[in-house]
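These notes concern the structure reproduced below.
The values are calculated or read from the model by the stated rules, or taken from the named source; none is laboratory data. Keep in mind that this is a model prediction, so the values were computed, not measured. As a convention, Cβ positions derive from the backbone with ideal geometry for all residues, glycine included, and neighbour counts pool all protein chains shown. SASA here: full protein model, heavy atoms, side chains in, ligands and nucleic acids out. Shrake-Rupley method; radii C 1.70, N 1.55, O 1.52, S 1.80 Å.
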Amino acid sequence: MPEKKEKFYLTTPIYYTNGLPHIGHTYTTVVADVIRRYKRMRGYDVVMTTGTDEHGVNVERAAKKAGVPESEFVAKMADAWRALWDELGIPADEFVRTTDLTHVRTVQWLFKLCRENGYVYKGHYTGQYCIYDNAFVNDAKPGDNCPDCGRPLETITEENYFFKLSSFQKPLLDFYKKNPGFIQPDTRRNEIISFVEGGLKDLSITRTTIRWGIPVPGEEPHVFYVWFDALTAYLSAVGGPEYEKRGYWPADLHLVGKDIIRFHTVYWPAFLMAAMLPVPKQVWAHGWFLMDAAKMSKSKGNVVLPRPIVNMLGMDALRYFLLRDVVFGQDGNFSYDALVTRYNSDLANGLGNLASRTAALIEKNFAGKIPKPAALKPQDEALAKEAQAAIGEVLENFDKLSFARALETIWTLIAAADKYLTSEQPWALGNSEADQFRKATVLWTTAELLRIVAALAFPVLPDSAAKVWSLLGQSDALGKFELDGLRWGQLVPGTSLGKSQTLFPRVDKTEAIERIESMANEELNPPKAVPAPAASAPAATGASAAAAAAPAVSDKIGIEDFAKVEMRVGQIKTAERIVGADKLLKLTVDIGTEIRQICAGIAQYYEPESLIGRKVAVVVNLAPRKLRGVESNGMIVAASVGPEGRPVLTGFHEEVEVGARLK
Ligand code: MSP
């Protein structure tokens, strides 16, 4: 444990704003969040940066297509990126936008330093340029396609400022040698060393053909070219020219995808060396998540979105899958099948089941208080030893960013505890004093193992590990727990268990995949915008709140308009909660002529059982649609009460026939 909190600064790439986040981007940000939580639990003062890369031709074009100024376009996109990270519980400590004023100043300052030190000159450049990847393609001929994305290259000739990258061949090679950990994993280091050994060409760092960029002071129309601008964001985020005051620079870790390793390990240290600024300590390149064996991209139509997965299975499930299924550094295939299989086996049947089983046994046998262990048998000691050893192993693997290994060790422990419970069978023991002692020992041992599992799993499963932690009666915030102090034997007998809760409800694989895909489809092809419901309209609790909205033009409608809405008396036959949709209930409703499935947004106010048999008003001629991936065919009418819009279902004071029309 560092004496005074040592600082740790890590970054994700800053993401392009001409698209929205998919699972590939989420992966990098999740990994950064895991490292941040882990380092905090090891006593570091951590800052994690992410942000948006907002300049360049692509943005110029996208804004034009959207018919808005670039600044407006990027502001909306940056908000959307930031909002998603917030929603997923992985917000940055510093969110940097390349249109921020501090960033603009930092780029101009870095350029000035490089220029003053003699590493910048003016020249002309003609090259084949991929506008999608924002990179010149060396050795390409006019008419070639981009070797990375396959799209046509463009020939560009213009006056540029050049950075003397060629002067840095030797300094870079010396630097790699002196700092063998700088580029990780090792295979990537070897690739980069061969690339640099092959010779470095000077690099154009400004453009005159682009308008939407940071101006080179006094040299307009020159604007900075994408990478000189983007990489500098890491420094702007922690103070820019005043970086020394904040004390986080140089960065400890830049996390990047393998596609952008060269920019981070060749250009970036060279820019900093030229400016005589400190160079980051490590760049870690992870692999890609592939879909159908190809890198995800919107143009290929194979993107996987994070939100539908999180709605269905929870964020912890997504985090677990991303880190457990693929060795960090290598490519991995993304499949919903593998995701749901892991969810059911490792989370629902594994951790979730062990936690609920242990808590239920303690509840039943020891009135919800952690029992005091008695004499230990060899099998108890063996489990204790395994757990104690796992602590060291897991920390070591987290330190090496071997997440899959760390999780494997934790889940081996969970499996060992399952096996232990199955063979010790505390539920089969009687009430004799000896049996009571044995029960206490077995259940304390299992609970103590769970406590250790929760602490170790927290960086990856922050929500559910914290739930296990409080289930075991631990009142301190788990995120602040110091892992260096974690030892077997710290669980205090007599501690009262916290409230029990389901951690990971088991799901049906086919249904879960169908619902995730359907939600993704809804998100990728959103329904056309419709006017908001009028304040006096009844709460629309069914298929389409928006479709029930009053017309915006006039506040009076003709009888013929009302006649278009077919409302009938329906009787609720069944009602159930929907996994992954806290607000919705799935109802089946008899409307006289048929039984309909209707989703209603009333789950927070009505217990499903209380609704069975109830007669309600139903809009029966609404177009069916899917809500959170579940088909809904109609709408239950309710009043909307109070500022929070609490739904109150309609009812009838006299006997009415099911199917009767409301007029
Ligand atoms: N803006 C540049 C980075 C500038 S950093 C100074 C950029 N942006 S990006 O939006 O295209 O992608 C950034 C990163 O997203 C990739 O490097 C990688 O970390 C992540 N990924 C994008 N697609 C991915 C997958 N399919 N799989 C895993 N990660 C991927 O490049």
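Observations on the structure shown:
- Gain on full extension, evaluated as 0.36 nm per residue between T126 and D435 minus their Cα-Cα distance, stands at 102.8 nm.
- Dipole check for the stretch 588-663: with +1 at the C-beta of Lys and Arg, -1 at the C-beta of Asp and Glu, and the Cα centre as origin, the magnitude is about 360 Debye.
- Across the chain, the volume of the C-alpha convex hull divided among the residues equals 202 Å³ per residue.
- One Cα centroid belongs to the stretch 193-238, the other to the stretch 136-157; the line between them spans 19 Å.
- Listed residue pairs exceeding 29 Å between alpha carbons, taken from K112/K298; K141/K164; K245/K295; K499/K583: K112/K298; K245/K295
- Available extension along the chain between W427 and A623 is 65.3 nm, counting 0.36 nm per residue and deducting the alpha carbon span.
- A Förster radius of 51 Å combined with the Cβ-Cβ distance from A367 to D86 puts the calculated FRET efficiency at roughly 0.80.
- Contact order for the stretch 553-663, expressed relative to its length and based on alpha carbon pairs under 8 Å spaced 6+ residues apart, stands at 29 percent.
- q = 0.11, 0.17 Å⁻¹, the stretch 148-282: log10 I(q)/I(0) [Debye, one scatterer per Cα]: -0.45, -1.05
- Positive-end residue, the stretch 113-178 charge dipole about Cα centroid, Cβ charges, pick of P152, P171, L113: P171
- Taking all protein chains together and rolling a 1.4 Å probe, C149 ends up with roughly 50 Å² accessible.
- The stretch 617-663: C-alpha gyration tensor shape, a/c 1.5 cut-off, then a/b vs b/c: oblate
- Cross-link partners of K170 among lysines, defined as those whose alpha carbon lies under 17 angstrom from its own and excluding same-chain residues fewer than eight positions apart: K178, K201.
- Extension gain from S335 to I193, taking 0.36 nm per residue of separation minus the Cα-Cα distance: 47.7 nm
- Packing-based ranking, highest mean first, of 198-211, 33-46 given that Cβ atoms within 10 Å are counted: 33-46, 198-211
- Beta bridges assigned by DSSP with both partners in the chain are antiparallel in approximately 70 percent of cases.
- Only Lys, Arg, Asp and Glu carry charge here, each on its Cβ (+1 for the first two, -1 for the last two); on that basis the stretch 234-331 has a dipole of about 160 debye about its Cα centre.
- Separation in nanometres of the label points that stand 7 Å from Cα toward Cβ, at S299 and R246: 3.4 nm
- Relative to one another, the C-alpha centroids of the stretch 14-55 and the stretch 73-127 are positioned 15 Å apart.
- Candidate cross-link partners of K509 among the aspartates and glutamates, defined by an alpha-carbon separation under 18 Å and a same-chain spacing of 8 or more, comprise D316, D325, D337, D346, E517, E631.
- Proximal lysines to K377, defined as alpha-carbon separation beneath 28 angstrom and excluding residues fewer than eight positions away on the same chain: K364, K369, K385, K419, K439
- In the context of the full set of protein chains, residues of the stretch 299-376 present 36 Å² of accessible surface per residue (probe radius 1.4 Å, heavy atoms only).
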